[in-house]
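Structure, as C-alpha cells:
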Amino acid sequence: MAATLGGMENFGFETRAIHAGQGTDPRTGAVIVPIYQTSTYAQDGVGGTRDGDYEYSRTANPTRTALEAQLASLEGARHGLAFASGMAASDSVLRSVLRPGDHLVLGNDAYGGTFRLIDKVLTGWGIGYTVTDLSEVASVRAAIRPETKLIWCESPSNPLLGIADIAALAEAAHDAGARLVVDNTFATPYLQNPLALGADIVVHSTTKYLGGHSDVVGGAVLTNEDELREQLFFLRNASGAVPGPFDAWLTLRGVKTLAVRMERHCDNAELVAEALAAHPKVTKVYYPGLAEHPGHEVAAKQMSRFGGMISFRHADGESGALAAAARTSLFTLAESLGGIESLIEHPGRMTHASTSGSLLEVPDDLLRLSVGIEDASDLITDLRHALK
Ligand SMILES: *Cc1c(COP(=O)(O)O)cnc(C)c1O
C-alpha cells in the first residue's frame, strides 16, 4: 500500500486532503489508513523487504508515508517528509542545507523557537545570521552576503502577522544563489502555497492547524528538489526525529477537515478583528485581513483568505494585557495555536520569551489570539468582558 505522491494533481484541495496517499487497505478493505504500530517488518530472506519500502520504522512507516503523500499533495510538492515536531523539521532543513561558514537571513518577527535554534545552537556550529524586515525586499537584498545560503521567512509571521512578498523574496534568494524557506504554519496550504510562488522549501509545525485539534505535536518539510529530499531523508534517518505511527495518524486525520476548519477560522477571525479594532482598550490590531494592515495587498495577492491568528495591543500596557489574558473564559490562556478551540497568550512572557533583548523582541502590551471555530458572537462577548 505504498502511497503514490502524484496522480491526484487534477483534483481539488478538499478531495486531495481526504484521498491523496490514502487508498483503501488492499488486504482488509479498511477505508481509513491503519495505524501501523510496528517498529520492524519481516523480511523474506536477508535484505528481502516485502514491498521494498519498509524495514524499520525510524526509516519508514506506512502510516507516516500516507501523511507525507497527503501533505505533499496539498502543498503541490513532489516530496513530503514528516518529523517529530515543527522544530525537528526546521532543524533538519537548517542542518541539511547549511555548513560552517554559511549565513542565513531571518525575519525580525519569527517563532521564538526558530530564533532560539539559530541563535543558540547553529551559531555554535559556525553559522552566521542577519535579522531584517522581510516585508522590505530592499533590506533583504542588502542583508545578503556571498556566503548566504538561505532566507528563512514566515508569512504571516508569528506573532506580529507581518506579510512578506514570497515571490519577491524567492527572486532575491535565487539571484544570490540561495534558497527561500517558508514556514507556512500560520497560513496552511489551504490559504497559501509557497512553492507555487517560487519558494524552494516549505516547513510546517503540523501541531497547529494541520493537526487542528491540539492533541498532537509534529512537523513536516515539503520540497520539489530530489537531491534535497535525499539529504533530508538521510539526516532524519541518521538522527531519528520521526513521528510515531499514532501521531502520524492523528495528523492525517486532522488534515482531512482542514478546508472546512480554515473557512470557519477565517470567518471568525474577521469578525473578532473588527470588534477589537473598534474597542477603546485596543490601541492596535495586527490582522492582514484589515485594509489598514501594511501587508494587506500582498496578503490578498498570495493568500486566498487571511487566517485565524490575530494580535493586538492593550491600551493599559503590560499590566492591562496580563489582566485581560487572565479574564477570558472561552479563550484559554495557553501557548500554541491552530486548534478548534480559541486560545489567548502573552507572547513577551510566553511563546516569545526567548527573543527578549534581541531584535525580535515583541511589545509587552501585546496579546495573541488563536481564533477557534466556536460561535463568533460568544468569542466576541468573551473578549469584551476580558477588556472591561
Ligand atoms: C509552533 C511553531 C513552530 C514549532 O513547531 P513545534 O511543532 O512546536 O515544534 C514553528 N514555526 C511556527 C510558526 C510555529 O507556530
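The values are calculated or read from the model by the stated rules, or taken from the named source; none is laboratory data. Keep in mind that what you see is a predicted model, and the values were worked out from it rather than measured. Cβ: placed from backbone, ideal geometry, glycine included. Neighbour counts: every protein chain shown. Note: areas computed on protein heavy atoms with side chains; ligands, DNA, RNA excluded. Shrake-Rupley method; radii C 1.70, N 1.55, O 1.52, S 1.80 Å.
So is S214 open to solvent by 50 Å² or more (accessible area, probe 1.4 Å) and either hydrophobic (A, V, I, L, M, F, W, C) or touching a Ser or Thr at 6+ places or on another chain (Cβ under 9 Å) (or both) or not? In short, yes. Counting only residues that are outside any helix (DSSP H, G or I) and open to solvent by less than 40 Å² (accessible area, probe 1.4 Å), which one in region 108-120 is farthest from N61 (Cα to Cα)? So, considering only residues that are outside any helix (DSSP H, G or I) and open to solvent by less than 40 Å² (accessible area, probe 1.4 Å), the one farthest from N61 (Cα to Cα) is D109.
Within the group V105, V97, which residue is touching a Phe, Trp or Tyr at 6+ places or on another chain (Cβ under 8 Å), open to solvent by less than 30 Å² (accessible area, probe 1.4 Å), away from the ligand (no atom under 16 Å from the Cβ) and among the aliphatic types (A, V, I, L, M)? None of the others qualify; the one that does is V105. Scanning region 138-153 for any residue that is at negative phi, of a type outside the set (S, T, Y) and within 13 Å of the ligand (Cβ to nearest atom) turns up at least one such residue. Of the helices (runs of 4 or more DSSP H) lying entirely inside region 2-107, those carrying at least 2 residues that are touching a helix residue (DSSP H, G or I) at 6+ places or on another chain (Cβ under 7 Å) and more than 21 Å from L191 (Cβ to Cβ) are 62-75, 86-97. Quick one: would you say L271 is open to solvent by 20 Å² or more (accessible area, probe 1.4 Å), touching a residue at least 60 places away in the same chain (Cβ under 8 Å) and in the same structural domain as L330 (by TED's automatic domain parsing)? So L271 fits the description; yes. Just to verify a result, which residue in region 202-211, among those that are open to solvent by less than 10 Å² (accessible area, probe 1.4 Å) and hydroxyl-bearing (S, T, Y), is farthest from the ligand (Cβ to nearest atom)? Step by step, filter region 202-211, then rank; the result is Y209. Only one of the listed residues (T130, T123) is β-branched (V, I, T), in contact with a strand residue (DSSP E or B) (Cβ under 9 Å, 6 or more places away or on another chain) and open to solvent by 40 Å² or more (accessible area, probe 1.4 Å). That residue is T123. Taking the listed residues A88, A77, the one that is within 13 Å of the ligand (Cβ to nearest atom) and within 16 Å of the chain's Cα centre (by Cα) is A88, with no other qualifying. Taking region 217-247 as the range and being assigned to a loop (DSSP other than H, G, I, E, B) and either surrounded by 24 or more Cβ atoms within 10 Å (Cβ to Cβ) or within 12 Å of the ligand (Cβ to nearest atom) (or both) as the test, the residues that pass are V217, G218, A241, P243.
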